[in-house]
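**Student:** There's a structure below that I have some questions on.
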Amino acid sequence: MTDVTRQLFIAGLAATALALASGAAFAQSAAKPGAKAPDFSVVDVDGKLQKLSDYAGKTVILEWTNHDCPYVRKHYNSATMQTLQKDMAKDGIVWLSVISSPAGEQGHVDAAKAKELTKTRDAAPASILLDPKSQLARAYGAQTTPHMYIIDPKGTLAYAGAIDDKPSSSASSLTGARSYVRQAVAELKAGKAVSEPATKAYGCVVKYAPVS
């Protein structure tokens, strides 16, 4: 390894460590299950301002996504994510997909590309929120794609974590996977407390935009 290559390698490791450390810091300061979910004002792919307060009285699901992430592709290529979105919509649940990748980072898309992806994948979110400055990601402490959050009708963060209990990018891991999202929603519908309100999210690291 040449000196130049070694320096670039070390610089890359330092940048990755900084990103992970920054993300961890945001996670520690973000809302936790049982606390009031942070409100937000984020523009969607149609140029409409979306606010959490607009959905008071409804269950809301936030799904952090990155179409280039193999963990995300696992759920979309198998139609697991789309089926979940459609099933939640039938129950009157508002599903908001969030794209927080800043320009120049993996997963960054503009509104037109986001709409195209939704159409070609037959996805069914109620809306897609564009968060290239990572403001929403910071508010919730989103760490990975996918990273799932469920907000109950009272505005309380009821669940935060993984989509299921199989932290793998392999499609074969879907067999027998337990959906934490379905479990939490079912418990909320039954008037019960969510039995597993926090799990460890898995997937690709959410890239945060620099703080301006």
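**Student:** Could you check how much of the accessible area of segment 36-187 is carbon and sulfur, as a whole percent, using a 1.4 Å probe?
**Tutor:** 50
**Student:** Would you mind computing, in nm to one decimal, how far apart the modelled labels at ALA177 and GLU105 are, each placed 7 Å from Cα along Cα→Cβ?
**Tutor:** 2.3
**Student:** Okay, moving on. Determine how large the accessible area of GLU116 is when every protein chain is in place; take a 1.4 Å probe and give Å² rounded to the nearest 10.
**Tutor:** Spelled out: GLU116, probe radius 1.4 Å, area about 100 Å².
**Student:** Between ASP122 and THR83, what length in nm is gained on full extension when 0.36 nm per residue of separation is reduced by their alpha carbon distance?
**Tutor:** Gain in length upon complete extension: 13.1 nm.
**Student:** Mind checking the full-extension length gain between ARG73 and GLU196? Use 0.36 nm per residue of separation minus the Cα-Cα distance, one decimal, nm.
**Tutor:** Length difference between fully extended and current span is 41.8 nm.
**Student:** Using a cut-off of 18 Å between alpha-carbon atoms, which aspartates and glutamates can reach LYS115, once sequence neighbours fewer than 8 places away in the same chain are excluded?
**Tutor:** ASP44, ASP46, GLU63, ASP68, ASP131
**Student:** Let me ask you something else. Viscosity 0.692 mPa s, temperature 37 °C: give me the Stokes-Einstein translational D for segment 99-157 in µm²/s, with Rh taken as the Kirkwood radius over C-alpha pairs.
**Tutor:** In µm²/s, the coefficient is 255.
**Student:** Taking Cα atoms, how many degrees apart are the long axis of helix 80-90 and the longest axis of the chain, rounded to 10 and kept between 0 and 90?
**Tutor:** 30
**Student:** In addition: How big is segment 124-174 along each principal axis, measuring the range of its Cα positions in Å and listing the largest first?
**Tutor:** Rounded to whole Å, the extents work out to 34, 28, 23 Å.
**Student:** So if R0 is 35 Å, what FRET efficiency would VAL211 and ASP46 give, r being the distance between their Cβ atoms, rounded to the nearest 0.05?
**Tutor:** Result of the calculation: an efficiency of 0.80.
**Student:** Quickly estimate the mean residue ellipticity at 222 nm for the chain, helices only: each DSSP H run with n ≥ 4 gives -39500 (n - 2.57), and the total goes over all residues, rounded to 500.
**Tutor:** Calculated mean residue ellipticity at 222 nm is -10500 deg cm²/dmol.
**Student:** Taking only the alpha-carbon atoms of segment 125-212, what semi-axes of the equivalent ellipsoid follow from 5 times the gyration tensor eigenvalues under a square root, in whole Å, largest first?
**Tutor:** Semi-axes (√(5λ), whole Å): 23, 19, 11.
**Student:** What dipole magnitude, in Debye to the nearest 20, does segment 161-212 give about its Cα centre under +1 on Lys/Arg Cβ and -1 on Asp/Glu Cβ?
**Tutor:** Here the size comes out at about 60 debye.
**Student:** Treating each Cα of segment 44-86 as an identical point scatterer and ignoring solvent, apply the Debye formula and state log10 I(q)/I(0) at q = 0.24, 0.28, 0.31, 0.34 Å⁻¹.
**Tutor:** Calculated log10 I(q)/I(0) at the listed q: -0.94, -1.00, -1.06, -1.13.
**Student:** In addition: Under a Cβ-only charge scheme (Lys and Arg +1, Asp and Glu -1), can you give me the dipole magnitude of the chain about the Cα centre, in debye to the nearest 20?
**Tutor:** It comes to approximately 260 debye.
**Student:** I'd like to compare 156-166, 194-204: which one has the highest average count of other Cβ atoms within 10 Å, and what's the full order after that?
**Tutor:** Result, highest mean first: 156-166, 194-204.
**Student:** Can I ask one more? Compute the Rg to Rh ratio over the chain from the alpha carbon atoms, using the Kirkwood formula for Rh, and round to two decimal places.
**Tutor:** That ratio is 0.98, to two decimals.
**Student:** Still on this structure: In Å², and per residue, what accessible area does the chain have when probed at 1.4 Å with the other protein chains present?
**Tutor:** Normalised by residue count, the accessible surface of the chain is 50 Å².
**Student:** Another question, if that's okay. Among TYR140, SER41, TYR55, which residue has its Cα positioned farthest towards the positive end of the charge dipole of the chain, with +1 placed on the Cβ of Lys and Arg, -1 on the Cβ of Asp and Glu, and the dipole taken about the Cα centre?
**Tutor:** Sorting the options by dipole projection puts first TYR55.
**Student:** Starting from the Cα gyration tensor of segment 40-132, multiply each eigenvalue by 5, take the square root, and state the resulting semi-axes largest first in whole Å.
**Tutor:** Largest first, segment 40-132 gives 20, 18, 10 Å.
**Student:** In percent, how large is the relative contact order of the chain, given Cα pairs closer than 8 Å and 6 or more residues apart?
**Tutor:** The value is 27 percent.
**Student:** Can you give the % of DSSP beta bridges in the chain that are antiparallel, to the nearest 5?
**Tutor:** Of the beta bridges lying entirely in the chain, close to 65 percent run antiparallel.
The values are calculated or read from the model by the stated rules, or taken from the named source; none is laboratory data. The shown structure was predicted, so the numbers you read here are calculated from the model rather than taken from an experiment. Positions of Cβ are generated from backbone atoms using ideal geometry, with glycine treated the same way; all protein chains shown enter the neighbour counts. Note: areas computed on protein heavy atoms with side chains; ligands, DNA, RNA excluded. Shrake-Rupley method; radii C 1.70, N 1.55, O 1.52, S 1.80 Å.
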